[in-house]
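Asker: Just passing along the structure, written as structure tokens.
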Amino acid sequence: MRASFASDPALTRGRLIPEEESTFRSCFQRDRDRIIHASAFRRLKHKTQVFIEHEGDYYRTRLTHSIEVAQVARTIAGALGLNAELTEAVALAHDLGHPPFGHTGEDALEALMAPYGGFDHNAQAIRIVTHLERHYADFDGLNLTWDTLEGLAKHNGPVTGELPWALAAYERQHDLELETFASAEAQVAAISDDVAYNHHDLHDGLRAELFSTDELAELPILKQNFAEVDRLYPGLNYYRRRHEALRRFFGVLVEDVISVARHRLAEMKPKTAADIRMAGRTLIQFSDPVFQDLKVIRAFLFDRMYRAPSVVIMRKQVTQVVEDLFPYFCAHTDQLPKQWRKDVEDAEGDTALARIVSDYISGMTDRFALQEHERLIVKG
């Protein structure tokens, strides 16, 4: 049964460009489907999560990560009586703005764009779904509902201070009420991101042999998970043992989020989705003990995985790729694809041109960025 504070598609604030609604899909289902069919969503298949896309077939990519986030989000939304379709739409789209090479690529692009307003992957996701996807006859972007756009813009909380330019540009024509908290559905999508990456990064780090199962079994939460597996399945083989333990770790995180949310919602007694937005705090969170345990696990991952020597070497290499491609395309706009030429012709000044190049590079997959670097820079 849907809760009274869930987002109701019948009460949506609608789309910037009015459309005749579907006869067989809710507006949030339609948003989700447009995201899945977007070019930017398909390109996540070959974009880095932690390991560069070509480093192995088994590691998570941005696409598989986004699918896992959506699965967690639907589960939590269902348990809390929220709108699963809106939750899923925000979860699937939350990483659309990531450039190639994950956070390494984002750091490089942010530094290059500093003189031109900077780069922010959350704001870039808004830019993609409101401007850069150009397939429909009646509008640029996907013309998503206000509710989905709001969730994308502030799923991590209110956006205050100086806005990233890409978000500010859209906010001027469509007020997303950035000073308030997001819907419960968007908050679920945000916490599901944390659940997913904390779980699958441990998987990927083990597969990459950056740390051992024995080391993992000494971490908070996981120590109990491994003990339970050993009690139930003595002598279980190496791979099944760690999978069973990580499966239980995953369950602990999801159950904790649901338990905390139910307690806070029962305490607050919200009547409408607006009550969630005006609550003055995030309601969908981990409990304090689990949050503290996750800080220890994140510190372990940072030290042993995100800053592992092999990962650091690759970070330097791909940073150079972005640092080479950006000035090259700024100086050689004739090398941009034909569909970008009109934007270049209309660009007024260096800032506008740099933002076009940033849009183009941020949309590249890992493999395409590497190929273009080889073709244009290395071979010249």
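Asker: As a quick test, which of the pairs LYS47/LYS316; LYS47/LYS379; LYS154/LYS338; LYS154/LYS342 have an alpha carbon distance above 28 angstrom in this structure?
Answerer: Distance filter (> 28 Å) returns LYS154/LYS338; LYS154/LYS342.
Asker: Let me ask something additional. Relative contact order, percent, of the range 152-206 when contacts are C-alpha pairs under 8 Å separated by at least 6 residues?
Answerer: 45 percent
Asker: OK, next. Can you give the charge dipole size of the chain about its Cα centre, rounded to the nearest 20 debye, using +1 on the beta carbon of Lys and Arg and -1 on the beta carbon of Asp and Glu?
Answerer: That gives the chain a dipole magnitude of about 900 debye.
Asker: Under DSSP H, which helices of the chain have Cα atoms covering 30 Å or more of the helix axis and a Kyte-Doolittle average no less than -1.0?
Answerer: Flagged H segments are 184-207, 238-268, 309-331.
Asker: On average, how much accessible surface per residue is there in the chain, in Å², for a 1.4 Å probe, leaving out ligands, DNA and RNA?
Answerer: Heavy-atom SASA per residue in the chain reads 46 Å².
Asker: Once neighbouring chains are kept in place and the probe is 1.4 Å, which whole percent of the accessible area of the chain is contributed by carbon and sulfur?
Answerer: 51 percent
Asker: ASP214 versus LYS45, label points 7 Å from Cα toward the beta carbon: distance in nm?
Answerer: Using points 7 Å along Cα→Cβ, the separation is 4.1 nm.
Asker: Normalising by the residue count of the chain, find the relative contact order in percent from Cα pairs under 8 Å and 6+ residues apart.
Answerer: Numbers: 536 pairs, mean separation 81.6, N = 380.
With pairs under 8 Å counted, the relative contact order is 21 percent.
Asker: Oh, and also: Measuring from centroid to centroid over Cα atoms, what is the spacing of the range 319-380 and the range 193-234 in Å?
Answerer: Their Cα centres are 41 Å away from one another.
The values are calculated or read from the model by the stated rules, or taken from the named source; none is laboratory data. Quick caveat, the model's predicted, so the values are computed rather than measured. Every residue, glycine among them, receives a Cβ derived from its backbone with ideal geometry; neighbour counts consider all protein chains shown. Just so you know, the surface numbers come from the protein's heavy atoms only, side chains and all, with ligands and any DNA or RNA stripped out. Shrake-Rupley method; radii C 1.70, N 1.55, O 1.52, S 1.80 Å.
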